[in-house]
Amino acid sequence: MAFAAFATAEVQAQAPKRRSPIALFLLLPGILYLVLFFLTPLISLVLTSLQAPSEFGDIGVYDYAFNWQNYVDVVQQYWPHILRSFGYALTATVFALLFSYPIAYFIGVKARPWPLLQSLLLVLVIAPFFISFLLRTLAWKQILSDESIVITSLKALGMLAPDAYFAGTPFAVIFGLTYNFIPFMTLPLYTTLERLDTRYLEAGSDLYANPFTVFRKVTIPLSMPGIVAGTLLTFIPAAGDYVNASRDFLGGPDTQMMGNVIEANFLVLLNYPAAAALSIILMGAILVLVGVYVKRSGTEDLL
């Protein structure tokens, strides 16, 4: 009897559970939202990327086709912009991590005994979000312009050459990307470090490890989920950014990124297939890079 009861219980445990219709019904609004506002635009973007110029149409008129040559053409024509976009985004992400980690560590670990100070510092981190992204970038354009008091003062002190300039350079674009996306890096790091058990750090010190070894062997591994999350939140929007690299803000003719090329093809050149193909390439490249990065960092659970 005991064996029969055990076998029956095991069969019931192995039997597939039936999904509740109520749960499926509750998921229906979310599924419809994803289909309408994600899947449908994505399918439209893919179809647009395969369009061919209309034989008897005007500029900006295209017919649906399977013109895979669009992808080859945009890669051959815009490969410098593709490399530049990922290079700028990677550099800005590294700088954001270097600046954000000490900030997040101080707020999440060192400031724990003072909750009021901790809250105040968090408000200062998110304070830039209270101002428009465009206004913040435009403000930095004025600060880094040749006529600004900062640049003229540095030239007067002899710290800059008389013909030196920052606006419209890769330095200005990377600086703008780093500044604008630092909160996206700091907040995930703070969330992870705030839960860090400091007894592990004390144990490392008790085992005669120096502070650098404790940081490298204990703190970094324990904060890796925050590092990965912050890196993704910074790198992905930075790679597709078109504001900082625009000639209207911090960029110049030689600093254009993929976002600027996509904008120009959509709104100026009316080359919709090229713009759509670049968008698909950007999306696919980011997915591949993110997948490889998460796999190598050992944090697959974040996906």
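Condition check ((1) farther than 17 Å from Phe95 by Cα; (2) among the hydroxyl-bearing types (Ser, Thr, Tyr)) across all residues:
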| position | (1), (2) |
| --- | --- |
| Tyr200 | yes, yes |
| Gly204 | yes, no |
| Phe215 | yes, no |
| Ala229 | no, no |
| Gly240 | yes, no |
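I'm trying to understand the selection: among the residues of segment 242-276, which are of a type in the set (D, E, K, R) and assigned to a loop (DSSP other than H, G, I, E, B)? Within segment 242-276, Arg247, Asp248, Asp254 meet the criteria.
Residue selection: Val214 satisfies the criterion of being aliphatic (A, V, I, L, M), farther than 21 Å from Thr178 by Cα and in a helix (DSSP H, G or I).
Every condition in (1) touching a residue at least 40 places away in the same chain (Cβ under 8 Å); (2) part of a helix (DSSP H, G or I); (3) open to solvent by 80 Å² or more (accessible area, probe 1.4 Å) is met by Val46 except one, and the failing one is (3). Of all residues in segment 172-217, those that are aliphatic (A, V, I, L, M) and free of Cβ contacts under 8 Å to residues at least 40 places away in the same chain total 5.
Determine whether Ile220 is touching a residue at least 40 places away in the same chain (Cβ under 8 Å) and either in contact with a Lys or Arg (Cβ under 8 Å, 6 or more places away or on another chain) or surrounded by fewer than 23 Cβ atoms within 10 Å (Cβ to Cβ) (or both). Give the steps one after another, and end with the answer.
Details: touching a residue at least 40 places away in the same chain (Cβ under 8 Å): no; either in contact with a Lys or Arg (Cβ under 8 Å, 6 or more places away or on another chain) or surrounded by fewer than 23 Cβ atoms within 10 Å (Cβ to Cβ) (or both): yes.
Answer is no for this residue.
The criterion of being under 27 Å from the mean Cα position of the chain (by Cα), under 20 Å from Gly251 (Cβ atoms) and either of a type in the set (A, V, I, L, M) or not in a helix (DSSP H, G or I) (or both) holds for Leu135.
Residues being among the hydroxyl-bearing types (Ser, Thr, Tyr) and either out of contact with any helix residue (DSSP H, G or I) (no Cβ under 9 Å at 6 or more places or on another chain) or open to solvent by 50 Å² or more (accessible area, probe 1.4 Å) (or both) are represented in segment 257-280 by at least one member.
Okay, residues lined up against (1) part of a helix (DSSP H, G or I); (2) within 23 Å of Val46 (Cα to Cα); (3) of a type outside the set (Ser, Thr, Tyr); (4) open to solvent by 40 Å² or more (accessible area, probe 1.4 Å):
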position	(1), (2), (3), (4)
Gln77	yes, yes, yes, yes
Leu83	yes, yes, yes, yes
Tyr88	yes, no, no, no
Ala92	yes, no, yes, no
Leu97	yes, no, yes, yes
Pro102	yes, no, yes, yes
Phe106	yes, no, yes, yes
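Assess whether Thr178 counts as being crowded, with 19+ Cβ neighbours inside 10 Å, within 19 Å of Ile236 (Cα to Cα), in contact with a Phe, Trp or Tyr (Cβ under 6 Å, 6 or more places away or on another chain) and hydroxyl-bearing (Ser, Thr, Tyr). Judged against the criteria, Thr178 is a match. Candidates Leu144, Leu138: the one that is more than 22 Å from Leu232 (Cα to Cα), touching a residue at least 12 places away in the same chain (Cβ under 8 Å) and either surrounded by fewer than 19 Cβ atoms within 10 Å (Cβ to Cβ) or among the small types (Gly, Ala, Ser) (or both) is Leu138. Tell me yes or no: at least one residue of segment 230-239 is assigned to a loop (DSSP other than H, G, I, E, B), closer than 30 Å to Arg84 by Cβ and modelled with pLDDT of 90 or more. Looking for residues that are assigned to a loop (DSSP other than H, G, I, E, B), closer than 30 Å to Arg84 by Cβ and modelled with pLDDT of 90 or more, one finds none in segment 230-239, hence no.
Scanning segment 230-242 for residues that are touching a Gly at 6+ places or on another chain (Cβ under 8 Å) and surrounded by 22 or more Cβ atoms within 10 Å (Cβ to Cβ) turns up just one, Asp241. Which of the following residues is surrounded by fewer than 18 Cβ atoms within 10 Å (Cβ to Cβ), farther than 22 Å from Ser145 by Cβ and not aliphatic (A, V, I, L, M): Asp248, Asp197, Asp254? Of Asp248, Asp197, Asp254, the one residue that is surrounded by fewer than 18 Cβ atoms within 10 Å (Cβ to Cβ), farther than 22 Å from Ser145 by Cβ and not aliphatic (A, V, I, L, M) is Asp197.
The lone criterion from (1) modelled with pLDDT under 90; (2) open to solvent by 50 Å² or more (accessible area, probe 1.4 Å); (3) not hydroxyl-bearing (Ser, Thr, Tyr) left unmet by Phe215 is number (1).
The values are calculated or read from the model by the stated rules, or taken from the named source; none is laboratory data. A quick note: this is a predicted structure, and the numbers were derived from the prediction, not measured. Here Cβ is always computed from backbone atoms with ideal geometry, including for glycine, and neighbour counts include all displayed protein chains. Please note that ligands, DNA and RNA were not included when accessible areas were found on the heavy atoms of the full protein model with its side chains. Shrake-Rupley method; radii C 1.70, N 1.55, O 1.52, S 1.80 Å.
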